[in-house]
Every structure is written in structure tokens, then in C-alpha cells.
Amino acid sequence: GFALLVAVTTAPYLWSLWRPPPGTEFTGIFYYRDDFYQYVSFAEQVRDGALLFRNKFDPARLEPVLVNLEWWAAGALGRMLGGPVAGFHALRLFALFALVAGAVRVFTLGGLSGARRAWALTLFLSAGGLGWLRLLTGTPGWQIPDIAMGFYPFHQSLTNAHFVVGTALLIWSLVLLLEWRAGRRGALAWLATAGVLGLCRPYDLVTFTLVALALCAMDAARRETRAAGVRRALPLVWLVPVFAYYALLVGGHPSFQTWGGQTMDLSPPRYQYVFALLPTAAVWALLALRRPGRAVAAAPVRQALLAWWLVLAVLLVALRSALTKQSVITMGAAMLLLAGLEIPRRWLPATALVAAPTSVFLLWRLFNPWPDCFAPPEYFQATRALAAACSPHDVAVAPTDLSLMIAGLTPCSVTLGHRTLTPDYETRLREGDRFYHGPAVPAAWRLAYLERSAARFVVLPAGGGPMLGPDPPYGAILRTRLLEVWERGGGGEPR
């Protein structure tokens, strides 16, 4: 299963890398390019030995404070493989192995083996919802969870490593928790895994903690296990420092206090999640109604998976935030694990078949990618020139799409770029639009803007030197047919 999943989900990336549209190069990602290059901007800092990360979308010279083990691992791999983008793709392969192994462990704990377990794993790794049908009926793609947001394991595998890392670590945290509750291992294993999860994808640590508390509440509801429920809840205190760290980071640090808002993200309408959960949920519910005597939550693993799914269902209904989609993204994985345990062997192949069309569509779509998955070669020339010339905390001014790449592929900070991490993003957008497109903007205003931004570098359109006036304090260090890179105090012979 692992080898096939790697082959299928890696093929579109290799195709776009080897066969980009004429005059372009592949940016390395299909979905959420701004978020991906945000992750890459942290991983790039590992090149200089960073363990703590700074926000490169904030030009202010603040000390690094962010800890993220996933991005550090991607950066460490990137040092060996030629860059942080390659590091993320390598990390995705490790995460896929952990994802598959975790699903197999869950099914094994649930009593599955042989062909039954193989078909349950097939369902888990291939299923989607009715996103394909919603698209056919005219629903915009951003409103469809199993089209837009990596709602299922296969979709996460196609999207990027960040989702896969979170889901894999969440599954293993729950597996190790269940084995501890059964007396087969110590608490350190699940606490360490959950801590790593929190320092990679904190949304999923919230899910894990709520599930663990729900299991303890179930224990406390029964007289014979009440004392055990309290005892099993106590180790969760060790996760409090992780939550406290993020509360301080998002609540008080000037570079990251907008991170928790995600105010420009759009979450699908809640009713669309019903379609995203079908048809697997329909098969599961039908069989449950036909077998009312069987308790779905009888075994500990089934109890934990049901708690996982219900916790996310409550969050989906209760949250009134742009963070909703980030918080419930593992709902599809929880349902497929539970369905794999509950659906009989003879029904599993048919269920996998009827649940596969959206996954097939998404795979086809990545072999026919969107134009913004590619960039002009000159963009990559500019990032190479800046990577060779700039140092950490140097600031570059460039259009937004190129700024994302500069933050990810060079040590530079940028004034424009990520919709959440750029402080006062809308103001920065207006300033950038005026700098590059404002009619009759005087050169003095542009130079003052560069001075306020403490910009050492600025990217101009080809032949755009007059935008800075007749005698600017900048000189060109790169000229291409599309753009030029200018450096404060630079000049000489441009590359």
C-alpha cells in the first residue's frame, strides 16, 4: 500500500517538474502555494543552522522564537537534497510511511487481519466524498471540503507534507495512548508523540487532547472505571507547556499574533461537509441500522475513533472561525478508520469503489494543473541571485507572488507575501500596488517607501530603473527580459 501510494501521489509532481508549460518552471506545489512557501520560509532557515525560526514576512528585526519540528526536519533534509522544497517532498515520503503504518496498527488493534485488513487499508488510502458530484452541479471548488482542503488521507498525500505529518502523528498518538491504557507500554511514548504533534501541527494536538479527555470522561461515567478515568487524565498536564507556548506566541508576539486569526481564509459552508462524508458514511450508517445489536464503541479502538470523529463534528458545529477547516481536517481520516473496522469484508471493495471518484478526479486534475502552479524562469533567476547576495534580516521588496518565493528560497525577509503572517497585510498590499502600479507615483515616494521598509533589495520590471528616479541609491545586480534585481549601494556588472 505504501509503495503504491507513493508512486501515485508523486507522479503528478514529477510530471509537472519534467514537463512544465513552455516558458515556465514548476513551483513545487499544486495547492495553497502561499501556505507552502510560508512553511518553506521557515525550513530555509535551517540552512544557517537555525533551531528557532523568525517570521520572514515581517521585515522587523525580531529575534527568532518559533519552534516547529516538521519544518526543521524539512530544512535538514533540504540541506542534503538541494533546498527546502526538495526537503518537504522528501519529508512527505517519510510521513506517508508513518501514515500507512499507523492505519495498519489501528486496524490490527481493532482485530482485522489478512484480506479484511488489506481492503480496510485500501478504503482508507483511496476514498473521497461526493466532491466530484458537487462540482458537476455547479458548487464552487472552495466550498467543497473534499476538493479544497485535504479532507481525506489520499487528498492530503497529494497536497503537501504538512497535512500528512499531522494526521500520521495524530494516529500514532492515539495508538500509543490506547496501548498505554491497556497496560502494554508507558505514558512517555504517547506524551512524546503528542508533544511532537503539537510542535508540528497544533490544531491536531487540540484534537488529540479532546479525544483523550473524552475517553477519560467515558471512564468516569462508569463506577467501576471512575478512578482509572481520573488517573488517566493526569498525564495530559504534561502537554500544558505546549499549549502555553502557542498561547504566548499567538497572543503576544508581534510577528505571530495574526497567525491565529487566518482572517482571509475561507472555510466551506458547514452543510457541505455532509456531502464530503458521503458515500462511506452512508454505507456505514446503513450497516449499523441493519445490525442494531452490535455496539460500535464496544472495543477500545472503536471507542477512540468514534470519540475522534464526534469531537471534530462538535468543533465543526461550534466553531465560528476561519480556522474551522484547519481544525476539522482529520475528520475524513477518523471516519475511514472507523468504517474500515465496522464495514464487513464483503462490503469493503464496493465501498472503496464508490468512494474513489473524487480521488481519481483530483489525481487527474494535478496532471492538468492550474497556471499559477508555474512561474517564469526569471523568478527562479531572481531567487538564486538574492540567495547568493542577501543575509538573514535583509529585506527585499518584490511583487507578492515573487515575494513568496523569495521568503522561501533565500535568507531575505519580504514586505509582501503571506496573507496571515504579513503584519497589516491589507495595508502592505495597497502600498505594494501603489509602488508597482500606481499612476504617476513620484520616484521620491518609492524611495521613501524603500527607506521605511529598510529594503536592501528591490525587484523592478525590466527597464524599470526610472521608477526610482535619475540617481537612486540602488544599482542593478541582475537584469533579465522580465525583471531586474537592484541592491542598495549595488551596481557594477549585473548578472
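Summary table
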{"item": "By average C-beta atoms within 10 angstrom, highest first, the peptides 228-236, 34-42", "result": "34-42, 228-236"}
{"item": "Cβ-placed point charges (K, R +1; D, E -1), dipole of the stretch 10-155 about Cα centre in debye, nearest 20", "result": "400 debye"}
{"item": "Anisotropy class of the stretch 192-292 from Cα gyration tensor, a/c 1.5 cut", "result": "oblate"}
{"item": "Nearest-ten-degree value, helix 357-366 long axis tilted from longest Cα axis of the chain", "result": "20 degrees"}
{"item": "Under the Karplus curve 6.51 cos²θ - 1.76 cosθ + 1.60, θ = phi - 60°, whole-Hz ³J(HN,Hα) for the stretch 482-489, x wherever Gly or Pro sits", "result": "10, 8, 9, 10, 10, 10, 4, x"}
{"item": "Dipole axis of the chain (+1 Lys, Arg; -1 Asp, Glu on Cβ), positive-most option in LEU215, PRO269, VAL100", "result": "LEU215"}
{"item": "At R0 = 45 Å, FRET efficiency that the Cβ-Cβ distance of LEU310 and ARG434 yields, to 0.05", "result": "0.35"}
{"item": "Among PHE30, LEU483, PHE53 the positive-end extreme of the charge dipole of the chain (Cβ point charges)", "result": "PHE30"}
{"item": "Folded to 0 to 90 degrees: helix 187-198 orientation relative to the chain principal axis, Cα", "result": "40 degrees"}
{"item": "Magnitude of the charge dipole, the stretch 104-252, Cβ model with Lys/Arg +1 and Asp/Glu -1, debye to 20", "result": "500 debye"}
{"item": "Distant-in-sequence amide H partners of ASP394 (H built 1.01 Å from N, under 5 Å)", "result": "SER413"}
{"item": "Answer label, with Cα extents along the principal axes in Å calculated from the coordinates and candidates (i) 79, 71, 45; (ii) 97, 52, 45; (iii) 85, 46, 40", "result": "(iii)"}
{"item": "0 to 90° range, to nearest 10: angle between helix 161-181 axis and the chain longest Cα axis", "result": "30 degrees"}
{"item": "Probe 1.4 Å, accessible area per residue of the chain, Å²", "result": "41 Å²"}
{"item": "Amide H partners (placed H, <5 Å) of GLU484, local residues excluded", "result": "LEU460, ALA462"}
{"item": "The chain: calculated mean residue ellipticity at 222 nm from DSSP helix runs of at least 4, using -39500 (n - 2.57)", "result": "-18000 deg cm²/dmol"}
{"item": "³J(HN,Hα) computed for each position of the stretch 343-352 - Karplus, 6.51 cos²θ - 1.76 cosθ + 1.60, integer Hz, glycine/proline x", "result": "7, x, 3, 5, 8, 5, x, 5, 5, 4"}
{"item": "Cα-centre dipole for the chain with unit charges at Cβ (Lys and Arg positive, Asp and Glu negative), debye to 20", "result": "2020 debye"}
{"item": "In sequence order, calculated HN-Hα J values of the stretch 102-117 (Karplus, 6.51, -1.76, 1.60; Hz; x Gly/Pro)", "result": "x, 5, 4, 5, 4, 5, 5, 4, x, x, 8, 7, x, 5, 4, 5"}
{"item": "Size descriptor, Kirkwood hydrodynamic radius, that averages inverse alpha-carbon separations across the stretch 353-456, Å", "result": "15.9 Å"}
{"item": "Cα gyration tensor category, rounded, prolate or oblate, for the stretch 171-222 with a/c compared to 1.5", "result": "oblate"}
{"item": "Separation of alpha-carbon centers, the stretch 429-495 and the stretch 336-356, rounded to whole Å", "result": "59 Å"}
{"item": "Long-range HN-HN contacts of LEU278 with modeled amide H, under 5 Å", "result": "LEU130"}
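The values are calculated or read from the model by the stated rules, or taken from the named source; none is laboratory data. The structure displayed is predicted, hence computed values, not measured ones. Neighbour counts are summed over all protein chains in view; Cβ atoms, including those assigned to glycine, are modelled from backbone coordinates with ideal geometry. What goes into the accessible areas is simple: the full protein's heavy atoms, side chains included, and nothing from ligands, DNA or RNA. Shrake-Rupley method; radii C 1.70, N 1.55, O 1.52, S 1.80 Å.
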